[in-house]
Amino acid sequence: MSRYLFLFLILICVACGEDYKPKPKAFLRLEYPEAKYVTSNIEVPFTFEANLLAKKISLKKIEAPTESYGVNLEYPSLKGTIFLTYKAVEANEENLENFLRDAQKFTLEHTKKADEIPVTPYENSYQKVYGALSEVRGNVASPVQFYVTDSVNHFLTGSLYFYARPNYDSILPAANYLQKDIIHIMETINWK
């Protein structure tokens, strides 16, 4: 009996220690390098400034009724790509209206999975660049999309995609970083 009492007392002494305190939740801290931009050096009817973090910029001529190009800015460290599509606007207004409708329709296709799609208009009358930026919030394939035009000769759309399953919370830091690059592209467009 004394043996059991002795073990019981040892057990109580060992069990009595500091009170358990739950640890606060930790948040992943992702830091990206400060963006450094250079003017694009590709043969398309416009120029823009691209982030040096975009390790590969590829160009593809697209077979279409009007002059069209695809430009991809690949960010391997962020596992994402900004896809740009340029289309020449023909002399009729119907052509531009179709481009605008297609760009807006592409964004609206995300409403099934999106929580919210705030659209920010963009205008730079000095450079003749007009358009809109759409931030698609939620578990969607493309969290940022935009289009810009001079309303006469040029039309450019862009969208951001990641090489990962869309999980809004996980890709948000990278999406925010690349959204700043997209805004910078919009602000530095110069039509040729």
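The values are calculated or read from the model by the stated rules, or taken from the named source; none is laboratory data. Since the structure is predicted, the reported quantities are computational estimates derived from the model, not experimental observations. Cβ sites come from the backbone with ideal geometry, for glycine too, and all protein chains shown count toward neighbours.
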Checklist line | Residue check, Ala141 surrounded by fewer than 19 Cβ atoms within 10 Å (Cβ to Cβ), more than 18 Å from the chain's Cα centre (by Cα) and at negative phi | finding: no
Check: When the stretch 121-149 is examined, which residues are found to be over 17 Å from Asp102 (Cβ atoms) and touching a residue at least 60 places away in the same chain (Cβ under 8 Å)?
Finding: Tyr122, Asn124, Gln127, Lys128, Val129
Next item on the list: Could you please give the count of residues in the stretch 157-192 that are of a type outside the set (A, V, I, L, M, F, W, C) and farther than 18 Å from Ser77 by Cβ?
Entry: 12
Notebook entry, point to check: Scanning the stretch 163-182 for residues that are under 8 Å from the mean Cα position of the chain (by Cα) and not polar (S, T, N, Q), which turns out nearest to Pro33 (Cα to Cα)?
Noted result: Tyr177
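Here's the yes/no breakdown for (1) at pLDDT below 70; (2) among the acidic types (Asp, Glu); (3) surrounded by 10 or more Cβ atoms within 10 Å (Cβ to Cβ):
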site: Leu11; (1), (2), (3): yes, no, yes
site: Val14; (1), (2), (3): yes, no, no
site: Lys21; (1), (2), (3): yes, no, no
site: Pro24; (1), (2), (3): yes, no, no
site: Arg29; (1), (2), (3): yes, no, no
site: Ser40; (1), (2), (3): no, no, yes
site: Pro45; (1), (2), (3): no, no, yes
site: Glu49; (1), (2), (3): no, yes, yes
site: Leu53; (1), (2), (3): no, no, yes
Margin query: Scan the stretch 62-73 and tell me whether some residue there is under 22 Å from Pro45 (Cβ atoms), in contact with a Gly (Cβ under 6 Å, 6 or more places away or on another chain) and surrounded by fewer than 19 Cβ atoms within 10 Å (Cβ to Cβ).
Written below: yes
Check: So how many residues does the stretch 118-162 have that are at pLDDT below 90 and out of contact with any Phe, Trp or Tyr (no Cβ under 6 Å at 6 or more places or on another chain)?
Finding: 2
Next item on the list: Specify which of the listed residues (Leu156, Leu100) is in a helix (DSSP H, G or I), over 13 Å from the mean Cα position of the chain (by Cα) and in contact (Cβ under 8 Å) with a residue 24 or more places away in the chain.
Entry: Leu100
Checklist line | Candidates Thr66, Thr111, Thr81 - the one that is modelled with pLDDT of 90 or more and either assigned to a strand (DSSP E or B) or farther than 20 Å from Asp181 by Cα (or both) | finding: Thr81
Note to self: Being surrounded by fewer than 21 Cβ atoms within 10 Å (Cβ to Cβ), in a loop (DSSP other than H, G, I, E, B) and touching a residue at least 12 places away in the same chain (Cβ under 8 Å) is true for just one of Ala164, Ala174. Which residue is that?
What the structure shows: Ala164
